[in-house]
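Single-structure report; data block below.
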Amino acid sequence: MKQISTPRRSASLASQLVDSLRSHIEAGGWPVGTRIPPEQALMEELGVGRSTLREALGALVHLGLLEARVGDGTYVRASSELQSIMVRRAGSAQRDNVLELRTVLEEYASGAAALRRTEEQLSQLRELLADADAACAGADVAAAGNVDALFHRAVVRASGNDLLIEVYDHLGTALTAHLGGLSWDTAGAERHAALHRRLVDAIEARDESGARDAAAAIVGLTRDHEAEVSRTAEAK
């Protein structure tokens, strides 16, 4: 595991520890969604007392980077304050607005990816498609959702637009957290998978228009399916 920088000894030890832990999270030392080590392990690793550690962790919870779950430990909620803000903002937005935002970002990114992708990036997209098929075959909704999020992040990274990649890295977690995983029936899952294959085929063919159309169709299918799931739940 990537080592955390130990704080300098001074009167503001807890403040230094906040900065150290925040940098560790931002660098990916503790990925979003993972549980951080227990207090005793961190105290021994960092050479700090329990009160100092709890003060620092409490500050990171307040910033939205960590989430304390009673009886289960403390988890990484976001990699930065901006991501934390976006998660909260997306959570208060209408689902249609979230889907429209996703359409704007992913449609543009997919078109750019078709023009700029590398062979290595194309290979990664093909591998993620295979992983998604395996997750769906195993009826693992959580795994399928995780692979889908990785796939769309990979498409955005293939766009070659550093600013778009940075923004999507923050917004991606917010969009995933708000939309959540959806279970699909057999026909829906096949349509969903077919659109993803169509998107990768367009990116491989450097078909900008085709890639944008496929990306928009994926979000449209998700919107229609989510609406159908909601109607079914309300009818029960």
Using Cα atoms only, what is the angle between the long axis of helix 81-91 and the major principal axis of the chain, expressed in degrees (0 to 90) to the nearest 10? 50 degrees
Distance cut-off 32 Å, percentage of C-alpha pairs in the chain lying past it: 31 percent
Report the Cα-based extents of region 27-93 along its three principal axes, largest first, to the nearest Å. 41, 22, 19
What accessible area per residue, rounded to a whole number of Å², is obtained for the chain using a probe radius of 1.4 Å? 53 Å²
Helix 50-63 versus the longest principal axis of the chain: what angle, 0 to 90°, nearest 10, using Cα atoms? 30 degrees
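Please work out how much length the chain gains when fully extended from ALA137 to GLU119, using 0.36 nm per residue of separation minus the C-alpha to C-alpha distance, in nm with one decimal.
3.8 nm
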Tell me, what % of the accessible area of region 74-160 is carbon and sulfur with a 1.4 angstrom probe? 54 percent
Does anyone have the angle between helix 208-235 and the longest principal axis of the chain? Alpha-carbon axes, 0 to 90°, nearest 10? 80 degrees
Accessible area, 1.4 Å probe, largest first: how do MET43, MET86 sort? MET86, MET43
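The values are calculated or read from the model by the stated rules, or taken from the named source; none is laboratory data. This is a predicted model, so every value here is computed, not measured. These accessible areas exclude ligands, DNA and RNA; they are computed on the full protein's heavy atoms, side chains included. Shrake-Rupley method; radii C 1.70, N 1.55, O 1.52, S 1.80 Å.
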